[in-house]
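Heads up: the structure comes next, in structure tokens.
The values are calculated or read from the model by the stated rules, or taken from the named source; none is laboratory data. Because the structure is predicted, anything quoted here is derived from the model rather than measured. As a convention, Cβ positions derive from the backbone with ideal geometry for all residues, glycine included, and neighbour counts pool all protein chains shown. SASA here: full protein model, heavy atoms, side chains in, ligands and nucleic acids out. Shrake-Rupley method; radii C 1.70, N 1.55, O 1.52, S 1.80 Å.
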Amino acid sequence: MGLMYIFPVTDDQSEGDRAVVKDNGLTLKTYGLPMIFWGYLAAAMSVLLIMWLASRAVIAKLLSYGEDPTMLFLGHLVQWTLILTPIVLLGFFFYEKMLTKKGQELIVTYRVFFIPFWIKKFRLSAQDSFTVDHFMDSPNMARIRNRQGLGSPEAMKHFENKGYFELNIKTDKNKSVNIDRHSRKADLIKLKELLSKY
């Protein structure tokens with residue numbers, strides 16, 4: 001999710017509540033999704049509303065078959081899918097990840113609708129035990145073809161898989177843990193330097 005939800009890379013006051021310095025510690029919160037995604041959400045909600053209005057009578061008919069468990073199951077499945085899908089979609093817009101760093105302690109908190117649902121605490125091996133690593137999850141076939149001379153190098157250049165970068169920590173138990181990822185290495189380096197200060 002780190003490719004969609006981005007952390008601030010400065011503790012400047014202009015970040016507002018996204019970067020808070022308190023008691024020699026730093027708390028960073030991810031930014032929300034861009035405004036264009038709210039348009040996508042509105043379009044998806046409109047389609048779901050139309051589907052609900054069109055299928056309301058059919059769902060009621062399916063739920064009226066009390067003696068047939070398959071019809072009841074199908075009715076409940078469609079009904080709950082149309083009810084839960086908007087809530088899940090809205091959850092993506094109210095998802096927030098927080099990093100709280102103080103000394104050698106790092107707390108990662110995941111929140112949906114402002115409610116924390118998963119908290120992970122780490123003890124770092126050192127105050128600045130952060131690394132930025134390049135991650136490539138699939139073979140870079142376009143680059144391999146270019147090296148082998150198969151096809152035009154210019155034609156395949158834009159198809160090269162560039163991967164992304166990960167911010168990892170080293171815990172006091174000598175374990176490497178991924179904290180965030182980003183398509184821009186420079187932003188992760190700034191985030192690493194910012195977290196190392198506190």
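Figure legend. Inter-residue proximity from the stretch 19-40: first residues on the phi > 0 side of the Ramachandran plot, second residues surrounded by 12 or more Cβ atoms within 10 Å (Cβ to Cβ) and hydroxyl-bearing (Ser, Thr, Tyr), beta-carbon distance below 8 Å, spacing 6+ or different chains. Indicated pairs: 24/198.
Of everything listed in (1) under 30 Å from residue 186 (Cα atoms); (2) part of a helix (DSSP H, G or I), the single unmet condition for residue 60 is (1). For residue 66, are the conditions met, namely being surrounded by fewer than 15 Cβ atoms within 10 Å (Cβ to Cβ) and touching a helix residue (DSSP H, G or I) at 6+ places or on another chain (Cβ under 8 Å)? The answer is yes for residue 66.
Conditions (1) farther than 28 Å from residue 17 by Cβ; (2) open to solvent by less than 40 Å² (accessible area, probe 1.4 Å); (3) at pLDDT below 80; (4) not in a helix (DSSP H, G or I), marked per residue:
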| site | (1), (2), (3), (4) |
| --- | --- |
| 90 | no, no, no, no |
| 97 | no, yes, no, yes |
| 128 | no, no, no, yes |
| 132 | no, yes, no, yes |
| 145 | yes, no, yes, no |
| 166 | no, yes, no, yes |
| 169 | no, yes, no, yes |
| 191 | no, yes, no, no |
| 195 | no, yes, no, no |
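Could you pull out the residue among 74, 84, 106, 53 that is at pLDDT 90 or above, open to solvent by 70 Å² or more (accessible area, probe 1.4 Å) and over 30 Å from residue 36 (Cβ atoms)?
Just a single option satisfies the conditions, and that option is 74.
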